[in-house]
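Working notes, structure below.
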Amino acid sequence: MTIAVLGTLDTKGHEHGYVAELIRARGHQTLLIDCGTGDAPQIQPDITRHEVAAAGAVDLAALMERKDRGESVSAMASSAAALVSKLHAEGKIDGIISLGGGGGTAIGSAAMRALPVGFPKVMVSTLAAGNVAPYVGTKDIVMFPSIVDVSGMNRISRVLLARAAGAICGMVETQVPPADDKPLIAASMFGNTTTCVNAAKEVLEAKGYEVLVFHATGTGGKIMESLIDARMFSGVLDITTTEWADELVGGILGAGPDRLSASARTGTPAIITPGCLDMVNFGERATIPAKFEGRRFYIHNPQVTLMRTTPAECAELGRILAEKANASTGPVTVLLPLRAISIISAAGQPFHDPEADQALFQSIKQHLSPKVKLKELDTEINSPEFAKACAESLLEMMG
């Protein structure tokens, strides 16, 4: 197996060399890739910075002359991504590891995001204990905390880098089970819709489909959309569209304005329901912005506080949902569970608000195109009846 060891070898060459040596000791080959733009590399690379820059059509000499760190990081990040994508397509690498601080992490993670899900990726970073979403994106990058700065070898860095080298070796050595050839269905789920999704999943699996469930936490929705765009799925069971509530109101689990667009673009048959649009997600209670004081809250756990959406917010969410469905180039069905859109919006529960739910349903019906099939069920979202209706409607559309 050949493992790419990519980084800024002008400032962190010895550290990358140490990792490469450990990988080779395990019987693997390494491909040292230099993405530095400063002094000469501390160790001899297999692929030079000039070759990296050329992969991204970057004038390295001009870049180095300007000595703009931000520009250099951006240029080498895009160039590294182009290079490793080509190396992977040619079958020349089986895994990748990179070490870095801020700039090195930006470059290394950009290269890793250009590689497919399932390809072994380890990013040893000083930033791994913070918000890693911008670096991981929608890919399966393993962020490995460096604990100390990646700056010289010491009693801590030797141990941590050795463990990271072992991690990437273990990943490339592991035999991946053969893929099932069943057609795939994407499903969105939250704790408040788990019962519904699991029941619908059983119906679909009984018909020969494999269902991949994505947690509607912002990142989960983005990943699902990216894989729908890649045309991996025969159908989409979008029961939990809650990320739009966070996107609209300002919660922490928004998935961006493109959420609910991939199935429309690709024409993939889709079920859409307003699952968990009664809630906006925040962190600990003390972290909620002051402008939301006076709203109705529910503490889901010590780290997660939910806020009930208002009738006005629900009306706008209904419009968004309808317009996303209207844009579909393939078959789509919207199903409305009229008695509850989550566990906690049912009668007697903390977020029960018939006025808000009615505003949501009325807005969906007002803005939905006649070409989009609409089904209203006088039941709760987690009832067996609703789950069965979602699964059977999707089966019908997939033909």
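No lab work stands behind these numbers, since they all come straight from the coordinates. Everything quoted here is computed from the prediction, not taken from an experiment. Cβ sites come from the backbone with ideal geometry, for glycine too, and all protein chains shown count toward neighbours.
Here is how the numbers come out for the structure above:
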| item | result |
| --- | --- |
| Built amide H within the under 5 Å cut-off of GLY235, gap 5+ | ALA186 |
| Over the range 2-173: Kirkwood hydrodynamic radius from C-alpha pairwise inverse distances, Å | 15.5 Å |
| Out-of-range pairs (alpha-carbon distance over 25 Å; input LYS92/LYS121; LYS92/LYS139; LYS207/LYS324; LYS139/LYS373; LYS121/LYS324) | LYS207/LYS324; LYS139/LYS373; LYS121/LYS324 |
| Protection proxy ranking, peptides 121-129, 348-356, average beta carbon neighbours within 10 Å, highest first | 121-129, 348-356 |
| Percentage, to the nearest whole number, of Cα pairs in the range 19-118 over 19 Å apart | 40 percent |
| Separation of the ASP378 and ARG265 label points, Cα + 7 Å toward Cβ, nm | 4.1 nm |
| Cα long-axis angle, helix 311-326 against the chain (0 to 90 degrees, to the nearest 10) | 70 degrees |
| Tilt relative to the chain, helix 9-25 - C-alpha long axis, 0 to 90 degrees, to 10 | 90 degrees |
| Relative packing of 54-64, 311-321, which averages over residues the other C-beta atoms within 10 Å, highest first | 311-321, 54-64 |
| ARG155-ASP68 FRET efficiency (beta carbon distance; Förster radius 30 Å; 0.05 resolution) | 0.25 |
| Virtual spin-label span in nm between ALA54 and ARG285, 7 Å along Cα→Cβ | 6.3 nm |
| The chain - percent relative contact order, Cα under 8 Å, separation 6 or more | 11 percent |
| Amide N proximity, the range 271-302 versus GLN349 label position 7 Å along Cα-to-Cβ, cut-off under 12 Å | 275-279 |
| Potential lengthening between SER369 and ARG26 on full extension [0.36 nm per residue; Cα-Cα distance subtracted] | 117.4 nm |
| Neighbourhood charge, 15 Å Cβ-Cβ cut-off, centred on THR333 and excluding it, Lys, Arg +1 and Asp, Glu -1 | +2 |
| Neighbourhood charge, 12 Å Cβ-Cβ cut-off, centred on TYR209 and excluding it, Lys, Arg +1 and Asp, Glu -1 | -2 |
| Whole-Hz ³J(HN,Hα) from phi, Karplus 6.51 cos²θ - 1.76 cosθ + 1.60, for the range 50-60, glycine and proline x | 5, 5, 4, 4, 4, 4, x, 6, 9, 7, 5 |
